[in-house]
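Written out below as structure tokens is the structure these notes cover.
The values are calculated or read from the model by the stated rules, or taken from the named source; none is laboratory data. Everything numeric in this text was worked out from a predicted model, so none of it was measured. Note that each Cβ is placed from the backbone with ideal geometry, even for glycine, and that neighbours are counted across all protein chains shown.
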Amino acid sequence: MIVCVAAVGQQNNPLYIQSFTEADDALKLHHIVHCSLDVVDERVNNPKKSGPTLNETFLGMLYPTENYKVYGYLTNTKVKFILVTTDLDVRDADVRNFFSRFHAAYVDAVSNPFHVPGKKITSRIFADRVRNIVKSFGLSSTG
Amino acid sequence: MEDFPEELRRPPVALAALVGCPELHAPITTHLLAEQPPINALALPDISKISLFARIPKESSAPARPVGGILKRDWLFKHRTRIPAVVAALFSSDQISGEPAQWLQVCNDLENLKGVTKGRNIKLVVAVVTQSNSKDEISEDRMIALRKRAEVDSKYIIIFIPDDPLELKQSLNRLRNTLGELANTYYKDEGRRVKARIDRKNLSSIELHIRYCFKVAVYAEFRRDWAEGLRIYEEAYHAVREMVGSSTRLPPIQRLVEIKTVAEQLNFKISTLLMHSGKLAEAIIWFRRHMGAYRRLVGAPDANFLHWEWLSRQFLVFAELLESSSAAVQNTSSATSGTADKLTEWEFYPAYYYQSAAQYLKEKSSCLELALSMSENADEIDGSNESVTTSVYVGQFAKLLEHGGAFTMQLLTDEEFVRHALAEGKRFQDSFEIIALLKRSFEAYNKHKTLRMASYCGFQMAREYFAINDFGNAKQVLDNVANLYRQEGWVALLWEILGYLRECSRKIGSVKDFVEHSLEMAALPVSITTDAQFFKDCGPAGSPSLPQREMIQKEVFGVFRGESEIALNEENNPLKVTDDHPLYLEIDLVSPLRVVLLASVAFHEQIVKPGRPTMITVSLLTQLPLNVEIDQLEIQFNQTECSFIIVNGQRPQLAAISHVQPGRRVETAPALEIVTNKWMRLTYDIKSEQSGKLECMYVIARIGPHSTICCRAESPASMNDLPLWKFEDRVETIPTKDPALALSGQKAIQVEEPDPQVDLKLGSSGPALVGENFIVPVTVISKGHSVHAGELKINLVDTRGGGLLSPRDVEPFSTENLHVELVGVSGQEWEDQSESPSDSIRKIQPSFGLISVPVLSEGKSWSCKLEIRWNRPKPIMLYVSLGYSPYSSETSSQKVHVHKNLEIEGKTALIISHRYMLPFRQDPLLPSMTKATGDPDLTPILPLKERSILIVGAKNCSEVPLRLLSISIESETGGICTVSQKVEDPMEPALIVPGEEFKKIFSIIPEVNLANLNIGTVCLRWRRNSGSEEESGSCSTVAEVLTKLRLPDVSVEQPPIIVNIKCPAHAILGNPFTFSIRIHNQTKLLQEIKYSLADSQSFVLSGSHNDTIFVLPKSEHILNFKLVPLASGSQQLPRATVTSVRYTAAFQPSISASTVFVFPSKPHFELSNTEDTRVRSVTL
């Protein structure tokens, strides 16, 4: 289950962060997302370590905490997408699929002429769309 | 890692024992340890001590007895330190080859040894210690007998020679090799023996299986067979994992504890082995599996803290292993090698494991607290159960019971065990441990420059400090962390941290910090849409939400107004803002409190005259959720007299109390209330008397009697975005009504100088002439201001750019280099003679001058003259600026400046030209002249000791008439050349109008034959025509100017032949006259001369037309022709051509030289001085 998704701007400021959990650990998820930016930085600054992922937007699993797995995605405009999931067994394809759909939603949201680039995304439509994407995570492939 | 026993932490080392010859034990032990692989040695001084190794017979080997545990606690220790793999028996050669009684003793000892070693399969080596000189003395028979007695292979009988260094070394090596080989054999045999038991598969319990596996692995480690050891350890580990569900031997809690403890040891062994063999990635994957297998085995809820503690220890130990493993850095490249178990970078950092260890320890701490509070008789749980101790099995505890002096172990019930564990847990302060772990992690992350991870660790650390009431440390850490969150705009995280900081400040008793943190929290962009309901564990501040912000703001403003106080913990007095403790906050350009109050100040103009009013707009913005009412607003400028105060009209009585300085301007505004995210704009006019910069420095808001917020003023044009709010989607407004002003407004304005009321006049008298001291009169006329401390600055600037100096002016000033220079200031005329010029400043430099001007009262004037000399023609710009102070008082340093400039062109007055000529109709043959004809640049050649004529011309190229006083040639070298003036002093000072040229003739006779003859310098004395006095009144005394021109050098040559043509000045029609050509040979050689004469139609000629003649050395030859003119008027004489054969030079007189005027009849005038036709003074 996806517990948190976030879009983080160029200055590492949160553009959109939403947790999908009933538990009271939303703040902890904020911490996890924030910490994962360090890994993104590391991956981006030392691309040779990640070898084949060069020039790819999908950054793969960033780091495992004891309960969560964190995945990252970097757009061309240096906007980072972070996904936190509690699933133990996650297929890369699912995550990639999720990110590409999330990216599309993000692009649509920032293409809104009333949106100022670099500011938080407050669009309710975007939030609904993200919720749908989160809900359908993993469904397409598992059946 | 320190929790593990020593024998587990270090890889096992083979153990050997030495008996006999105790004096040799020390060198042997050292040697065995020093070599690779090392061997530990037990030195037994006496052979009787060998019985220590003997196997203690088990009392009852009944198979039905259940297995008490998995691993025996002291088994490993025993094999590392007490049970040797091999025994070396040392006998001296005397004993063997000596008396039969000694031999008997040897045999006896050997029997004893064998008795012990056989029981344990310990190997035996016999070393015969002998002296180097007697090594062959032992008989062969005795050696064979010894071998048979000892029942060892012959190669295990060693001759040991201690007294020769070389031999000793060889002996030691021999002994070492043998011992190593035998120890290996021993451990292999033992391993195989135990392995055989496993393979038989008829083991009664799984515990035994694990125990045997462990043993086999340890034996393999003894042999340094790491791969085998690893494999068997893994087998044991898996077996342990299988036990989890199946074992029923112990009560459930203790059972789990035992399993975990054993698993922990096995895991430690495996991790160590993997890491030491450089398989870092595999070690990490192994550890991950280990965690996966055990993480969820929490166990019974009342002892779950044990699980978390165990888990934390796993991470800590692994972190330490990782840290100590040198391979940790290089091997990260293998991160991507595994496909299924993809590792991330973070798992290679020990910091990650430290952090996890801290997290689990925190979990343990909270579970322990819960467990303690649950147990009803918590107070009774203390250290009284000292009788509980560790049992003989790893991971088990037992009760020590005393039965009349004898102790027996008894198993614990789970309840007893939990009580014991709780008592143990109470003894430790977990917080310090957690902080220590987090600090290690924090430092490691910081070293890696992973600031966010470090911040998270720091935050957890601070929370732990907070929990143990160490607020100082907590605050320090949190302050750092908060900066990162502020910078990156993580509002929810910042909120949490600020909440802690606020509480820390409250507990420390720092009102200022408390207020600052509260204000920042209240102004955080916590949006309404944030899912506040999910933020539950948000620290002391509660969840971030708008109502919470409003509450905080209310609380703080209560403090501001002194109405409420900050409640502290009991022991401190509640803090309140009072007279004694005023509150002063400062908000600068980088302060996070800019969101609380932002002051933007804009002048409506950029420049203003002194004393003129201009408008200023002060705009204030706040992001606090509730409206902010300010009692008093003070606007401070760098010119303090401009500062003013705005008082809130609604609260006059409150405002009255405040700190109004007498004489300060006070304005009253109808209301001073700032609405959230809406600029409050206040526009006032302002007037400055002082010229210079007027800048708004601070906007100070006073709320309540003792609280002040001092905001640094910001210009709208260069205002930064609000921190945090810049990421928010909000309505942004501009600080001023005028959008243009919002873009360009500045908080500073330039106040101009007052208008000067003094005239500065520069008199000009047309172009300056090169060489003269050009006079520029400067007049200062006061027209309203009196002049005090006046200063006149004079600057000469080249109008075409470039300096006034010649290009080569790098060297220090020398007057020749200067094109134009300020020579001096003359004629300073004081109208008021009483003013002494003693205090006047005078500073004159070639292109700069500074003159002080005396005090002038209104209406008076003062003037001086600048003398400027042009050395080269060049236009310049003359800048004169007068700085003065209109008031005599010293204090007002306000100076008024008047600037004037004048372009002056410097022109050359006279152009001097010169020309050399030969006397009329006299031509010397100059051979070098004939060679190089047609070269205009050729230096003129003058004939030696012959008269030449020099014409010097002076042309007036200025625009004013000049009076020429004299022209002369000053010869620098006397005697080598005679220069004489033709006419003595023919003229009055000659007036030359512009464009006119004056010429003067000199005759020159070179006396010395020189290639470069210096003729001299033309000196021209002139002055401006004094008739022009009226035009420039100041030029009353026109100075003479001397212009000099050095004549170029000429060359002198001895002419070999001189040709003179003689002819009367005029002829009369029909009257014959004589035309003669005189050829003078000046050489000592005979000269062959050819001549020819062309007929002229105007004359009848008598004489030969062509001939060749010879002129004798140093003599003259004259060719005479008689001519009768046939036509009147200016007539061409027959052209004569004279050719010198020797010099191949032909001469033909010029047209002018061969022209004669023929009168039709004899004219009626006296023909006098006709003999002097050859040389005439000519004015052309």
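Just one of (1) free of Cβ contacts under 8 Å to residues at least 12 places away in the same chain; (2) more than 30 Å from residue A:114 (Cβ to Cβ) trips up residue B:740, so point out which.
(2)
Could you go through the stretch A:104-120 and let me know if any residue there is among the hydroxyl-bearing types (Ser, Thr, Tyr) and touching a residue at least 60 places away in the same chain (Cβ under 8 Å).
So far as the stretch A:104-120 goes, yes, one or more of its residues are among the hydroxyl-bearing types (Ser, Thr, Tyr) and touching a residue at least 60 places away in the same chain (Cβ under 8 Å).
For the structure I just gave you, tell me whether residue B:26 is surrounded by 21 or more Cβ atoms within 10 Å (Cβ to Cβ) and either modelled with pLDDT under 80 or within 25 Å of residue B:171 (Cα to Cα) (or both).
No, not satisfied.
Identify the residue in the stretch B:458-512 that is at positive phi and modelled with pLDDT of 85 or more and, among all such residues, is surrounded by the most Cβ atoms within 10 Å (Cβ to Cβ).
Restricting to residues being at positive phi and modelled with pLDDT of 85 or more, the top hit is B:489.
Out of B:384, B:441, which single residue is small (Gly, Ala, Ser) and modelled with pLDDT of 80 or more?
Answer to the selection: B:441.
Select from the stretch A:118-133 the residues that are within 14 Å of another protein chain (Cβ to nearest Cβ) and either surrounded by 11 or more Cβ atoms within 10 Å (Cβ to Cβ) or modelled with pLDDT of 90 or more (or both) and list them in ascending order.
A:118, A:119, A:120, A:121, A:122, A:123, A:125, A:126, A:127, A:128, A:130, A:131
Scan the stretch B:276-288 and tell me whether some residue there is of a type in the set (Asp, Glu), assigned to a helix (DSSP H, G or I) and surrounded by fewer than 21 Cβ atoms within 10 Å (Cβ to Cβ).
Checked the stretch B:276-288: at least one residue is of a type in the set (Asp, Glu), assigned to a helix (DSSP H, G or I) and surrounded by fewer than 21 Cβ atoms within 10 Å (Cβ to Cβ).
Here is a list: B:438, B:451, B:411, B:422. Which entry is more than 14 Å from chain A (Cβ to nearest Cβ), surrounded by 17 or more Cβ atoms within 10 Å (Cβ to Cβ) and either in contact with a strand residue (DSSP E or B) (Cβ under 8 Å, 6 or more places away or on another chain) or of a type in the set (A, V, I, L, M) (or both)?
B:422
What do you reckon, is residue B:700 of a type outside the set (D, E, K, R), under 27 Å from residue B:491 (Cβ atoms) and assigned to a strand (DSSP E or B)?
So residue B:700 fails the test.
Could you tell me which of the residues B:417, B:432 is surrounded by fewer than 17 Cβ atoms within 10 Å (Cβ to Cβ), assigned to a helix (DSSP H, G or I), of a type in the set (Phe, Trp, Tyr) and out of contact with any Leu (no Cβ under 8 Å at 6 or more places or on another chain)?
B:432
Just checking, which of B:1082, B:1054 is surrounded by 17 or more Cβ atoms within 10 Å (Cβ to Cβ) and within 30 Å of residue B:1014 (Cβ to Cβ)?
Matching residue, one of B:1082, B:1054: B:1082.
Here are A:85, A:77: which of them is closer than 17 Å to residue A:6 by Cβ, crowded, with 17+ Cβ neighbours inside 10 Å and touching a residue at least 24 places away in the same chain (Cβ under 8 Å)?
Result of the check over A:85, A:77: A:85.
I'm trying to understand the selection: among the residues of the stretch A:62-86, which are of a type in the set (Ser, Thr, Tyr) and either closer than 24 Å to residue A:120 by Cα or away from chain B (no Cβ under 12 Å) (or both)?
If the condition is that a residue be of a type in the set (Ser, Thr, Tyr) and either closer than 24 Å to residue A:120 by Cα or away from chain B (no Cβ under 12 Å) (or both), then A:68, A:71, A:73, A:75, A:77, A:85, A:86 are the ones that fit.
Residue by residue, here is whether (1) loosely packed, with under 13 Cβ neighbours inside 10 Å; (2) out of contact with any Ser or Thr (no Cβ under 7 Å at 6 or more places or on another chain); (3) at pLDDT 80 or above holds:
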{"position": "B:769", "(1), (2), (3)": "no, no, yes"}
{"position": "B:793", "(1), (2), (3)": "no, no, yes"}
{"position": "B:800", "(1), (2), (3)": "yes, yes, no"}
{"position": "B:848", "(1), (2), (3)": "no, yes, yes"}
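Only one of (1) out of contact with any strand residue (DSSP E or B) (no Cβ under 7 Å at 6 or more places or on another chain); (2) modelled with pLDDT under 80 fails for residue B:738. Which number is that?
Of the numbered conditions (1) out of contact with any strand residue (DSSP E or B) (no Cβ under 7 Å at 6 or more places or on another chain); (2) modelled with pLDDT under 80, the odd one out for residue B:738 is (2).
Report every pair of residues separated by at least 6 positions or lying on different chains whose Cβ atoms are under 6 Å apart, first residue within the stretch B:271-296 and away from chain A (no Cβ under 14 Å), second part of a loop (DSSP other than H, G, I, E, B).
Sorted first by the residue in the stretch B:271-296, then by its partner, the pairs are B:275/B:325.
Which one of these is surrounded by fewer than 14 Cβ atoms within 10 Å (Cβ to Cβ) and modelled with pLDDT of 85 or more: B:1114, B:1090?
The match here is B:1114.
Working only within the stretch A:37-65, note down all residues that are assigned to a helix (DSSP H, G or I), in contact with a helix residue (DSSP H, G or I) (Cβ under 8 Å, 6 or more places away or on another chain) and modelled with pLDDT of 75 or more.
Of everything in the stretch A:37-65, those that are assigned to a helix (DSSP H, G or I), in contact with a helix residue (DSSP H, G or I) (Cβ under 8 Å, 6 or more places away or on another chain) and modelled with pLDDT of 75 or more turn out to be A:37, A:38, A:39, A:42, A:43.
Suppose the filter is at pLDDT below 80, under 20 Å from residue B:3 (Cα atoms), of a type in the set (A, V, I, L, M) and not in a helix (DSSP H, G or I); does residue B:398 pass it?
yes
Go through the stretch B:164-174 and give me each residue that's closer than 11 Å to residue B:35 by Cβ and surrounded by 18 or more Cβ atoms within 10 Å (Cβ to Cβ).
Of everything in the stretch B:164-174, just one residue is closer than 11 Å to residue B:35 by Cβ and surrounded by 18 or more Cβ atoms within 10 Å (Cβ to Cβ), namely B:172.
Out of all the residues in the stretch B:716-746, which are under 24 Å from residue B:607 (Cα atoms) and either in a helix (DSSP H, G or I) or facing chain A (nearest Cβ under 10 Å) (or both)?
Residues satisfying the conditions are B:716, B:717, B:718, B:739, B:740, B:741, B:742, B:743, B:744.
Determine, yes or no, whether residue A:108 is at pLDDT 80 or above and either out of contact with any strand residue (DSSP E or B) (no Cβ under 7 Å at 6 or more places or on another chain) or in a helix (DSSP H, G or I) (or both).
yes
Here are B:605, B:629, B:634: which of them is of a type in the set (Asp, Glu) and crowded, with 21+ Cβ neighbours inside 10 Å?
That would be B:634, the only listed residue that is of a type in the set (Asp, Glu) and crowded, with 21+ Cβ neighbours inside 10 Å.
Consider the stretch B:485-516. How many of its residues are in a helix (DSSP H, G or I), at the interface with chain A (Cβ under 8 Å from one of its Cβ atoms) and small (Gly, Ala, Ser)?
1
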